[in-house]
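The values are calculated or read from the model by the stated rules, or taken from the named source; none is laboratory data. Not measured: the values here are computed from a predicted model. Glycine gets a Cβ as well: all are built from the backbone with ideal geometry, and neighbour counts include every protein chain shown. Areas reflect the complete protein model, heavy atoms only, side chains present, ligands, DNA and RNA absent. Shrake-Rupley method; radii C 1.70, N 1.55, O 1.52, S 1.80 Å.
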Amino acid sequence: MNHLPSDSPALPGGPFVAYSDGELVVEQVPIRKLAAQHGTPLFVYSQAAVLSALAAYQRGLAGRKSLICYAMKANSSLAILKLLADAGCGFDIVSSGELERALAAGAEPAKIIFSGVGKTRQEMRQGLQAGVGCFNVESLAELDVLNAVALESGLVAPVSIRVNPNVDAKTHPYISTGLKGNKFGIAHEDALMAYQRAAALPGLRVVGIDCHIGSQITEEAPYLEAMERVLDLVTTIEAAGIPIHHIDFGGGLGINYNGDTPPPADALWARLLARLDARGFGDRTVLIEPGRSLVGNAGVCITEVQYIKPGEQKNFCIVDAAMNDLPRPALYEAFHQIVPVQPREATAIEYDVVGPVCESGDWLGRDRALAVQAGDLLAVLSAGAYCMSMSSNYNSRPRAAEVMVDGEKSRLIRAREDVRELWRLESV
Ligand SMILES: *Cc1c(COP(=O)(O)O)cnc(C)c1O
């Protein structure tokens with residue numbers, strides 16, 4: 001099987017990642033050239049792919065009071081944040097590090113939502129002083145601490161309570177967050193009491209409600225179900241005299257890794273908003289927190305084949321990218337398509353594509369049919385989300401460089417780490 005343009009179906013990331021004249025390109029830039037210029041492993045992103053993914057959400061929410069808060073943990077590169085901030089996005093953050101990053105990229109503080117189950121007092125103080133638009137609070141204990149920090153700071157904290165709608169997002173257990181057994185959110189049945197508590201605390205101002213049921217969701221039903229459950233709560237909470245100005249439906253929409261067919265964001269939101277209107281909540285500000293679906297298919301990770309190692313049971317294709325660069329396979333047994341940058345006219349053989357790290361968990365793909373030789377370049381597709389942002393320096397490996405492509409232009413947005421950076425903070 002050859003991965004040639006003529007007989008290969010559209011790739012995840014297409015049309016922004018595609019074959020052209022027998023080689024893989026990102027927009028108009030041949031990956032071969034970028035690898036020669038910047039080395040490997042290398043992350044390459046398509047600016048047009050990010051903006052196109054955003055445009056689908058913008059179409060879906062057109063004419064609404066709404067705010068798209070990019071969940072920046074998916075990929076927190078300053079260049080990507082700036083691109084999205086310039087396009088009008090706010091940000092969903094989960095740490096003060098992300099707060100500072102978002103501000104450094106030019107985010108408007110009022111468009112920042114501070115999520116996370118374990119905010120420290122220091123993080124709350126920083127968020128308050130920066131003037132974030134909302135704290136998404138996840139427990140009663142956090143309500144009390146945020147109230148105390150706000151009073152100490154002489155400020156009032158805008159809050160939303162993250163409710164756990166107890167719906168099954170039908171995704172990997174590690175990325176499912178809306179079920180009762182998860183650490184996230186306040187249980188549906190405790191939500192009213194939590195809102196009454198929040199409304200009574202002088203350092204807090206209730207502004208909204210939020211939920212986030214999981215990640216890589218490829219069906220519409222869990223969203224509709226969560227919406228119904230959240231709207232039931234809005235009715236109950238408002239009947240108790242606490243107005244809810246915005247409703248935040250979280251993120252979680254999936255992408256195409258290997259033939260996955262999530263609903264397009266515009267179609268999904270057309271249906272969700274129709275339901276919102278039907279239930280009489282069409283006047284509320286709608287917030288969403290997409291992460292993966294904005295950047296996932298916009299990125300590829302380029303790696304060079306180091307060795308071909310045939311074996312009795314398995315053949316190994318050993319590449320220069322590893323679990324430290326791209327941890328999703330090791331972490332969740334996640335699947336990424338792996339394709340040759342310049343396909344060869346040769347018979348494909350099945351390989352496990354593995355990195356050089358000293359762990360059996362260090363694999364990028366299993367049982368992949370490839371026609372490759374040492375020195376060839378491979379592209380790991382759908383690598384724009386939760387790859388670079390989850391990367392580490394395990395095995396003292398400097399982190400990969402990152403390049404942004406815009407049409408026929410490309411620019412380095414993160415230089416390859418210098419190995420000396422790795423022990424800069426250490427002493428003997
Ligand atoms: C991770 C996260 C998101 C984004 O999830 P995606 O699956 O990347 O869209 C949104 N909201 C919260 C609270 C999150 O933790």
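Tabulated data
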| quantity | calculated |
| --- | --- |
| Accessible surface of the range 115-290 [probe 1.4 Å, protein heavy atoms]: carbon and sulfur percent | 53 |
| Pair Asp232, Asp168: separation of 7 Å Cα→Cβ label points (nm) | 1.7 |
| Dipole magnitude of the range 115-290, debye to nearest 20 (Cβ charges: Lys/Arg +1, Asp/Glu -1, about Cα centre) | 340 |
| Dimensionless Rg/Rh of the range 268-382 - Kirkwood Rh, Rg from C-alpha atoms | 1.22 |
| The chain: most fluctuating residue of Ala104, Ala79, Ala198 per GNM, C-alpha cutoff 10 Å | Ala104 |
| Distance in nm between pseudo-label sites at Ser427 and Glu350 (7 Å out along the Cβ direction from Cα) | 5.5 |
| Span from the the range 297-352 Cα centroid across to the the range 205-283 one, whole angstrom | 37 |
| Amide hydrogen neighbours beyond the local backbone of Val341, cut-off 5 Å, H modeled | Leu377, Leu378, Ala379 |
| The chain - accessible surface per residue (Å², probe 1.4 Å) | 41 |
| Lys/Arg +1, Asp/Glu -1 at C-beta; the chain dipole; positive extreme among Phe16, Ala35, Cys89 | Cys89 |
| Options Asn182, Trp363, Leu99, ranked by Cα towards positive dipole end of the chain, top entry (Cβ charges) | Leu99 |
| Dipole magnitude (debye, nearest 20) for the chain, charges at Cβ of Lys, Arg, Asp, Glu | 680 |
| Residue-span extension gain [Ala87 to Asp21] - 0.36 nm each, minus C-alpha spacing | 20.5 nm |
| Proximal charge balance of Asn315 [Cβ under 15 Å; K/R count +1, D/E count -1] | -1 |
| Dipole magnitude of the range 53-168 about its Cα centre (Cβ charges: Lys, Arg +1; Asp, Glu -1), debye to nearest 20 | 340 |
| FRET efficiency for Val156 and Val117, using Cβ-Cβ distance with R0 set to 30 Å, rounded to 0.05 | 0.85 |
| Residue-span extension gain [Arg197 to Arg32] - 0.36 nm each, minus C-alpha spacing | 53.5 nm |
| Charge context of Pro356, other residues only, Cβ under 14 angstrom, K/R +1, D/E -1 | -4 |
| Straight-distance crosslink candidates among lysines, where the alpha carbon sits under 21 Å from Lys73 and sequence neighbours closer than 8 are dropped | Lys82, Lys111, Lys119, Lys183 |
| Where N is the number of residues in the range 115-290, Cα Rg divided by 2.2 N^0.38 Å | 1.03 |
| Gain on full stretching of the segment that runs from Ser360 to Ala240 - 0.36 nm per residue minus C-alpha separation | 37.6 nm |
| Protection proxy ranking, peptides 231-243, 291-303, 58-70, 159-171, average beta carbon neighbours within 10 Å, highest first | 291-303, 159-171, 58-70, 231-243 |
| For the range 115-290, with +1 on Lys and Arg beta carbons and -1 on Asp and Glu, the positive-most of Val159, Leu128, Val207 along the dipole | Leu128 |
| Spin-label model distance (nm) - Gln306 vs Asp367, 7 Å beyond Cα toward Cβ | 2.6 |
| Rounded to whole Å, sorted largest first: equivalent-ellipsoid semi-axes of the range 346-421, Cα gyration tensor | 25, 20, 12 |
| Sites Ala221 and Lys314, calculated FRET efficiency, Cβ-Cβ separation with R0 25 Å, nearest 0.05 | 0.05 |
| Percentage of interatomic Cα-Cα distances in the chain larger than 30 Å | 45 |
